């Protein structure tokens, strides 16, 4: 019974709940950014480079046989994931920069 009580205290601490909320919001934000990259940024970029879709970039290392599927390096998907990461990282950077600026204004007003 003591173990359950300790777990309940741990789970109900503020920072654990804040972390859970952050993870949920982060997952939702990831879907938005992935859609932004895949549906908004990559199509025009593909047109600029000759109508190529990055998702189609791949290198077949071994052709498929009756016994085994083909072995493929999907480097186009990797490029798209790099774009996803860059946009997420930049968005988080901007959000933290804005929050820090707001926080410093509150400290200046309090002083």
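For residue 58 and residue 9 in one chain, what is 0.36 nm times their gap in residues minus the Cα-Cα distance, to one decimal in nm? Numbers along the way, then the final one.
On the way: separation 49, 0.36 × 49 = 17.64 nm, distance 5.01 nm.
Taking 0.36 nm per residue and subtracting the Cα distance, the gain is 12.6 nm.
Given a 10 angstrom Cα cut-off, can you work out which residue in 36, 77, 59 is the most mobile in a GNM of the chain?
With Cα springs under 10 Å in the chain, the top fluctuation among 36, 77, 59 is at 59.
With angles folded into 0 to 90 degrees, how steeply does helix 2-11 sit against the dominant principal axis of the chain? Use alpha carbons for both and round to 10.
Once rounded, the angle reads 80 degrees.
How big is the Kirkwood radius of region 7-66, worked out from every pair of different alpha carbons and given in Å to one decimal? Provide the component values of the computation, followed by the final result.
Details: mean 1/r = 0.0646 Å⁻¹.
Taking the inverse mean of 1/r over all distinct Cα pairs, region 7-66 comes out at 15.5 Å.
What value does the chain have for Rg/Rh, both radii from Cα atoms and Rh as Kirkwood defines it?
Numbers: Rg = 22.6 Å, Rh = 18.5 Å.
Reported Rg/Rh (Cα atoms, Kirkwood Rh): 1.22.
Could you work out how far helix 14-35 tilts from the main Cα principal axis of the chain, as a 0 to 90 degree angle to the nearest 10?
The angle comes out at about 30 degrees.
Taking the beta-carbon count within 10 Å as an exposure proxy, list 35, 91 from fewest neighbours to most. Can you show the working numbers first?
Values: 35 11, 91 14.
In increasing order of surrounding Cβ atoms, one gets 35, 91.
Tell me, what is the percent relative contact order of the chain, built from C-alpha pairs under 8 Å that lie six or more residues apart?
18
Highest GNM mean-square fluctuation, the chain, Cα pairs closer than 10 Å: which of 79, 32, 96?
96
With the chain treated as a Gaussian network of Cα nodes joined by springs under 10 Å, which of 74, 100, 30 yields the largest mean-square fluctuation?
It is 100.
In deg cm²/dmol, rounded to 500, what helix-only [θ] at 222 nm does the chain give when every DSSP H run of at least 4 residues adds -39500 (n - 2.57) and the total is split over its residues?
After summing the helix terms and dividing by the residues of the chain, the value is -23000 deg cm²/dmol.
Any read-out appearing in this document is the output of simple, stated calculations on the displayed coordinates, not a laboratory observation. Keep in mind it's a predicted model, so treat the numbers as computed, not measured. Every residue, glycine among them, receives a Cβ derived from its backbone with ideal geometry; neighbour counts consider all protein chains shown.
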